[in-house]
Amino acid sequence: MSLVAIVGRPNVGKSTLFNRLVGMRQAIVDETAGVTRDRHYGKCDWCGHEFSVVDTGGWSSGSDDAFEQEIRKQVVIAIEEADLVLFMVEAATGITDYDSEIADLLRRSKKPVVLCVNKVDNGDKVYDTYQFYSLGLGEIWSISAANGSGTGDLLDEIVRLLPEEEHVEDPFAGLPHIAIVGKPNVGKSSLTNALLGEERNIVTPVAGTTRDSISTHYNKFGHEFILVDTAGMRRKTKVSEDLEFYSVMRAIRAIEHSDVCILMIDAANGIEAQDMAIFNLIRKNKKGCVVVVNKWDTIEKDSKTMKTYTEGIQARLAPFNDVPIIFTSVLNKQRILDVLDAVSKVYDNYSRKIQTSVLNEVMLPEIENYPPPAWKGKYVKIKFITQLPTASPSFAFFCNLPQYVKEPYKRFLENKLREHFDLTGCPIQVFIRQK
């Protein structure tokens, strides 16, 4: 599929246009300049022509932004990857030094370029657009990304310039989605980059560097899935700006759309209240989970440290503590492949379907040995068990008096399911139904 990269200086409306092209609010839009930092991908369908769109951070130099150099690097990578570059400028401001720098870069890249002048909201502003011919990039397309005027003609031109392609099915349909979640600055983007073997996401010591949820196709070492790096989630009282609120919302949405979540925690801090809040969010959404303890190289250790640490985490996660716990140092690339193996195993468990005959053969003798407690002289008889056709493992136990089966016995049934069938890392739902 062809790729179109949207580039330009900060705050010209790149993310607004990106959201319009992909048909959803996928990239964060805010009046603050420099909101977008990583490359952000989506799909656009125009008159039967489908192509990918990548939103990039705003190109700048000589500013106070700590991420400036990294953003420029990401923009250059996006231009190299793209089949066509959509260069955005702003009508009212005119040609700035940044615009000239980008124009020089694009002329050298030899890539097809569509020059798009944004914020042309009325007829009078069209006169402000003619100055951009001096950039030497050919025809100008006047649009307003906010209200959509002119975007139809712009898309016609993009489709005309893109290379012809045969229509193929989405190769990533049906792949598991793995979300990397955790508090700010625990090493989520570093793990993504280490697994991919490239600087896919910007990494700095500043907490909150990643703001959007960034999806990447991963296919190495016999593992294939969609890897989603998310913004760090901190307590609501600590979220001081609208921007971070949207970032956290994106991270929550990434959890909702994932199959397995990698919960990263900082070894120095241990599992804190906010880590527990994120874990409970994963459990509430019925997603598979792998706990990764990062920065393990910074801890002073003896022969019992790992065992003690593991027991401490399991005690906090109880009752759902049947979760793989991997100790890593992403910086030293220590045990990161163990994370992949654990994620793959949890996904297999998450999507496992157990035959009804096997379930009944194994579970009915267990129930007979330890039946549900009698309630007011009435005896509960469980006759039949089946797995429900849900995304996560769910089981229905059919009996004569479902209202008398209480929570402790449901937990017993869950533990017996875990004992007989490998469901490590997966939350289990137990339903008691009327026979």
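In the range 96-146, what trypsin sites (Lys or Arg not before Pro) fall in a loop by DSSP, with at most 15 other Cβ atoms inside 10 Å? Loop-located and lightly packed - Lys110.
Counting only protein heavy atoms and using a 1.4 Å probe, the accessible area of His217 comes to about 60 Å².
Straight-line reach from Lys304: taking Cα to Cα under 25 Å and skipping same-chain neighbours fewer than 8 places apart, the lysines in range are Lys295, Lys333.
The values are calculated or read from the model by the stated rules, or taken from the named source; none is laboratory data. Just so you know, these numbers come straight off a predicted model, no measurement behind them. A quick note on method: Cβ atoms are made from the backbone with ideal geometry, for glycine too, and the neighbour counts reach across all protein chains shown. What goes into the accessible areas is simple: the full protein's heavy atoms, side chains included, and nothing from ligands, DNA or RNA. Shrake-Rupley method; radii C 1.70, N 1.55, O 1.52, S 1.80 Å.
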